[in-house]
């Protein structure tokens, strides 16, 4: 599939078939995370791959009335969940090394006006979402919201490491797709977001 077709076809998927993901497809998706940019070649990203998603949902959406009334029950059928985890200290350590020391970014996370662990993680996540679409898989990045600490405890995420969110992965249930609440919001046109030479148009 051409890259432009992958971009055009990728959608957030909230309804899955429970069938397992072929190993080669999964490896391609995970390996895509290594292909994005990373400031200073720091590589401060790890992936927790959960092949028993019930463990995750028991923490974030326990059996009961909330789960029974969940708007996207097909999301719980996704056979695999991935938690991308960043390590800010990897970046400060890297930027304290001699070739980066002059930046001052080795002083600590607060020295970064733009925390590039989040930027790099976003690029890695997008690479995985595109690789999933290329493999014919559905995917969804969703937030952990009020469950960040309980998820970190349940999956033994080391102190100081930060979860970006959670990615659901699996074969899409094409017959059961339900759009998200924000689906009706239009994407901006290219002219809406491109500012040539300066923010003010025509300059």
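If you go through the range 127-149, how many residues are closer than 18 Å to residue 77 by Cα and surrounded by fewer than 18 Cβ atoms within 10 Å (Cβ to Cβ)?
4
Do you know which residues across the range 127-149 are assigned to a helix (DSSP H, G or I), modelled with pLDDT of 95 or more and out of contact with any helix residue (DSSP H, G or I) (no Cβ under 7 Å at 6 or more places or on another chain)?
Listed by number, the residues that qualify are 129, 148, 149.
Filter the range 111-142 for residues that are in contact with a strand residue (DSSP E or B) (Cβ under 8 Å, 6 or more places away or on another chain) and closer than 21 Å to residue 11 by Cβ and give the result.
Matches in the range 111-142: 124, 125, 128, 129, 132, 133, 137, 138, 139, 140, 141, 142.
Take residue 152 and tell me if it is in contact with a helix residue (DSSP H, G or I) (Cβ under 8 Å, 6 or more places away or on another chain), part of a helix (DSSP H, G or I) and either on the phi < 0 side of the Ramachandran plot or surrounded by 14 or more Cβ atoms within 10 Å (Cβ to Cβ) (or both).
Values: in contact with a helix residue (DSSP H, G or I) (Cβ under 8 Å, 6 or more places away or on another chain): no; part of a helix (DSSP H, G or I): yes; either on the phi < 0 side of the Ramachandran plot or surrounded by 14 or more Cβ atoms within 10 Å (Cβ to Cβ) (or both): yes.
Considered against the rule, which asks whether it is in contact with a helix residue (DSSP H, G or I) (Cβ under 8 Å, 6 or more places away or on another chain), part of a helix (DSSP H, G or I) and either on the phi < 0 side of the Ramachandran plot or surrounded by 14 or more Cβ atoms within 10 Å (Cβ to Cβ) (or both), residue 152 comes out as no.
What number of residues within the range 84-111 satisfy the criterion of being free of Cβ contacts under 8 Å to residues at least 60 places away in the same chain and touching a helix residue (DSSP H, G or I) at 6+ places or on another chain (Cβ under 9 Å)?
Total satisfying the criteria: 17.
May I ask you to verify whether residue 160 is on the phi > 0 side of the Ramachandran plot and in contact (Cβ under 8 Å) with a residue 60 or more places away in the chain?
Spelling it out, residue 160 is indeed on the phi > 0 side of the Ramachandran plot and in contact (Cβ under 8 Å) with a residue 60 or more places away in the chain.
Checking the conditions here, which among 81, 45 is touching a helix residue (DSSP H, G or I) at 6+ places or on another chain (Cβ under 6 Å), crowded, with 20+ Cβ neighbours inside 10 Å, within 22 Å of residue 179 (Cβ to Cβ) and at pLDDT 95 or above?
81
Working only within the range 14-26, note down all residues that are within 16 Å of the chain's Cα centre (by Cα) and closer than 18 Å to residue 49 by Cα.
26
In the range 113-126, which residues are part of a helix (DSSP H, G or I) and more than 8 Å from the chain's Cα centre (by Cα)? Outline the logic, then answer.
So in the range 113-126, the residues part of a helix (DSSP H, G or I) come out as 116-126.
Result: 116, 117, 118, 119, 120, 123.
Which condition number in (1) in a helix (DSSP H, G or I); (2) touching a residue at least 60 places away in the same chain (Cβ under 8 Å); (3) under 24 Å from residue 29 (Cβ atoms) is the one that residue 169 fails?
So the condition that residue 169 fails would be (1).
The values are calculated or read from the model by the stated rules, or taken from the named source; none is laboratory data. Everything numeric in this text was worked out from a predicted model, so none of it was measured. Cβ atoms come from the backbone with ideal geometry, glycine included; neighbour counts cover every protein chain shown.
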